[in-house]
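Worksheet: the structure to be examined is printed underneath.
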Amino acid sequence: MKIVLLTLPHEGEYKSWITPTITEPKGLKNIPLGLVSLATNTREGNDIVILDAFSEGWGIEETTKRINNENADAIGFSVVTRRVYALHKLIENTTAKWKIAGGPHATYHAEELIDHGIDTVFVGPLADMEFFEWAKAPTKGIIHCNTDINAIKYPNRTIIDFEDYFFKGKVFFEANRRTPMFTSVGCPMACKFCSVQSKKIYHKDAEKVLEEMWYLKSLGVESVHFFDDNFNISNANVVKILDQMEKTGWNTEWSMRGQVKFDLSLVPRMRKHGLKRIHVGIESLDNDILKWFNKKHTVDDVKKFCDAMRENNIDILSYFIIGTPMETPEYLDALPGKIRELGIPHPYINILFPQPDTEYYDDLVKCRVYRYDIWKEYFKNPTPDFELPSPFEPGKLERIMKKADSIIKEFTEL
Ligand code: B12
């Protein structure tokens, strides 16, 4: 079977005020690891072409042409919610016997995708085994996926132009020949603003993690980033990976995305084996706001975490969210000073945004701040560049955006 797998173009995506534009990296290409994983695990007997429209910056027309030029039996869309407008256009304008979809939006909105002309929707955080079976005998409908993270091969980076995906610029920090990989998928936490695909967490065996790291090193990678939903949720699992690092002699640079609260006595060992930087969602330096977010740490936990990082010379990139209902102007004015006191060199300031499928958005509908389910209506008929009305009182969004820009400028020379 000839199958085109693609990421969706930016064109027409809904507007979002989450990330101030000054922190959006120019020229950053993201390896479509999900698609590379699918291709790696389904290549035998099939002809698979990956079109990374998102990273290449192609518009809808260009992407349509490229898809149709391939004359494939099937088109597989990797769908994130922000790009459903492009998805609808591409469903309309492309031709193939089969149109299938997977990814976070497909997991949340499978039936709606079927209504819009998708033949088969793959639901779940990993779909490699089900996709392989499907390619042998295609069927229509919704497929609930249970791919075992340890039963699949790691993504073969040589399927794509790997060299092209190393970021040459600088946003917050510099890292040479840095690339992402996953040691787990899923996060059981219940943060109010997040719509993670799986609340259940699936860990790769430590042997497999190190096998992939050494493979990346053989491709000339100098810095590995664990882009997990929450890498250090399980201390036991971190220990298993450290043991395997020790066993195989790993001490090349790595970094990770995870949480503040974990066994800090592990930090010196993590450093010894190459940990350079931790990316964490601190989100706020106020206990009431943290509680409102449903975060499971306190300001005191943050202090202990930052101390441990400083003592071990590990860099921190921390996400903060501003714009919560109980936030005072005094809190915002004091925030940069507190961040500095904690020794956080890279604060990544985001603005609270009602993403679909989050508790925050659902509450706004329940409390009638939004009179009807705006996202539900939008998904039925996505319009280009859609702008969600701000749920804040008049003038607040503009004020917060200015504040975010000024904090970011204070900490970074972008
Ligand atoms: C890396 C990442 C990014 C990278 C780039 C992603 C990329 N390559 O395009 C960057 C940093 C740019 C990014 C940006 C954003 N991201 Co992001 N990101 C991720 C992250 C952490 C990992 C994605 C990944 O590689 N997963 C690992 C691979 C192996 O899995 P996968 O891609 O999902 O693919 C598997 C299955 O889903 C399935 N599958 C996927 N596609 C298809 C297609 C077919 C045909 C089939 C059969 C199966 C299938 O099979 C794959 C293999 O098993 C996820 C969290 C997560 N766990 O998914 C968030 C996530 C995807 N991001 C999210 C969000 C919200 C954003 C932003 C909107 C945030 C923002 N700041 O505004 C922006 C969007 C930017 C934009 N303009 O669209 C949300 C998406 C929610 C949603 N419903 O769409 C997620 C789920 C995080 C979250 N917890 O909310 N992101």
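The values are calculated or read from the model by the stated rules, or taken from the named source; none is laboratory data. Since the structure is predicted, the reported quantities are computational estimates derived from the model, not experimental observations. All Cβ positions, even for glycine, are placed from backbone atoms using ideal geometry, and neighbour counts span all protein chains on display.
What to note about this one:
- For residue 368, the conditions (1) part of a loop (DSSP other than H, G, I, E, B); (2) in contact with a helix residue (DSSP H, G or I) (Cβ under 9 Å, 6 or more places away or on another chain); (3) without any contact (Cβ under 8 Å) to a residue 60 or more places away in the chain all hold with the exception of (2).
- Each residue in region 88-120 was checked for being near the ligand (Cβ under 9 Å from one of its atoms) and farther than 18 Å from residue 2 by Cα, and 7 pass.
- Remark: residue 356 matches the filter, which requires a residue to be closer than 28 Å to residue 195 by Cβ and surrounded by 15 or more Cβ atoms within 10 Å (Cβ to Cβ).
- Some residue of region 12-19 being closer than 25 Å to residue 322 by Cβ, at pLDDT 95 or above and within 8 Å of the ligand (Cβ to nearest atom): yes
- Restricting region 18-77 to residues that are outside any loop (DSSP other than H, G, I, E, B) and basic (Lys, Arg), the residue that is surrounded by the fewest Cβ atoms within 10 Å (Cβ to Cβ): 65
- Members of region 176-205 found to be small (Gly, Ala, Ser) and surrounded by fewer than 19 Cβ atoms within 10 Å (Cβ to Cβ), listed by number: 190, 195, 198
- Within region 167-216, being within 15 Å of the ligand (Cβ to nearest atom), among the aromatic types (Phe, Trp, Tyr) and in contact with a Phe, Trp or Tyr (Cβ under 9 Å, 6 or more places away or on another chain) holds for 172, 182, 193.
- Subset of region 143-160 [away from the ligand (no atom under 12 Å from the Cβ) and either surrounded by 11 or more Cβ atoms within 10 Å (Cβ to Cβ) or aromatic (Phe, Trp, Tyr) (or both)]: 144, 150, 156, 157, 159
- None of 190, 206, 236 is aliphatic (A, V, I, L, M) and free of Cβ contacts under 8 Å to residues at least 12 places away in the same chain except 236.
- Among the candidates 270, 256, 326, the residue that is modelled with pLDDT under 95 and either in the same structural domain as residue 172 (by TED's automatic domain parsing) or part of a loop (DSSP other than H, G, I, E, B) (or both) is uniquely 326.
- Looking across 277, 269, one residue alone is buried (at least 19 other Cβ atoms within 10 Å of the Cβ) and in contact with a Leu (Cβ under 9 Å, 6 or more places away or on another chain). It is 277.
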